[in-house]
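Below is one structure, written out as structure tokens; the observations come after it.
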Amino acid sequence: MSPSNKISEKNKDFFDQVYQVVRLIPEGKVSSYGAIARYLGSARGARMVGWAMNACMNRSDVPAHRVVNRLGILSGKMHFITPETMEERLKTEGIIVENDKIQSFDEVYWDPAIELEL
DNA sequence: CCGTTGACGCCAT
DNA sequence: TATGGCGCCAACG
């Protein structure tokens, strides 16, 4: 039906699930790729979440800046409009970022498996 | 088809 | 906490 699909429909479904979870991240909070992947049932699909973020970069409805790696490091900042965009957006939401790393990460960390708790 | 790359994570040191 | 090595999975050339 869509021979020119950029990604397989199976993956498209996975991407959509990722976007849905990311949208649920409240302001001032952040989550990690691994937590999202795990919540979706792909414990080893953390890298796929990152790939999904790259595809969602065009969408404004997905706060990709609220997704960091498990160490709280802004590993994806280079993929935004400018390398500063991600850090600036997080600071705007009250998150302290220093040297490309989130401070008090345990306090702003938001885990879907716990917050959504289902 | 094969080798490399990458917005990751876990384990060992 | 920091660094290095290994594993996973999909996309790319």
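The values are calculated or read from the model by the stated rules, or taken from the named source; none is laboratory data. What you are looking at is a predicted structure, and each value in this text was computed from that prediction instead of being measured. Neighbour counts run over all protein chains shown; Cβ positions are idealised from the backbone, glycine included.
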Please determine, by comparing only the residues of the range A:31-42 that are within 11 Å of DNA strand B (Cβ to nearest atom) and either at pLDDT 95 or above or part of a helix (DSSP H, G or I) (or both), which one is nearest to A:Tyr109 (Cα to Cα). A:Ser31
Go through the range A:60-88 and give me each residue that's surrounded by fewer than 18 Cβ atoms within 10 Å (Cβ to Cβ) and over 17 Å from A:Tyr33 (Cβ atoms). A:Ser60, A:Asp61, A:Ile81, A:Thr82, A:Pro83, A:Glu84, A:Thr85, A:Glu88
Can you tell me which residue is nearest to A:Gln17 (Cα to Cα) among those in the range A:49-64 that are within 7 Å of DNA strand B (Cβ to nearest atom) and not in a loop (DSSP other than H, G, I, E, B)? A:Val49
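Tally time: how many residues in the range A:94-105 are closer than 14 Å to A:Ser31 by Cα and not aliphatic (A, V, I, L, M)?
Of the residues in the range A:94-105, 4 are closer than 14 Å to A:Ser31 by Cα and not aliphatic (A, V, I, L, M).
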Would you point out the residue of the range A:15-30, among those that are within 13 Å of DNA strand B (Cβ to nearest atom) and without any contact (Cβ under 8 Å) to a residue 60 or more places away in the chain, that is surrounded by the most Cβ atoms within 10 Å (Cβ to Cβ)? A:Val18
Inspect the range A:109-117 for any residue being in contact (Cβ under 8 Å) with a residue 24 or more places away in the chain, more than 11 Å from DNA strand B (Cβ to nearest atom), hydrophobic (A, V, I, L, M, F, W, C) and within 19 Å of A:Met48 (Cβ to Cβ) and give the result as yes or no. yes
Filter the range A:2-25 for residues that are within 13 Å of DNA strand C (Cβ to nearest atom) and more than 14 Å from A:Ser42 (Cβ to Cβ); which is modelled with the highest pLDDT? A:Lys12
For the structure I just gave you, tell me whether A:Asp100 is within 16 Å of DNA strand C (Cβ to nearest atom), of a type in the set (D, E, K, R) and at positive phi. yes
Selection from the range A:53-66 of residues that are within 16 Å of DNA strand C (Cβ to nearest atom) and free of Cβ contacts under 8 Å to residues at least 40 places away in the same chain: A:Met53, A:Asn54, A:Met57, A:Asn58
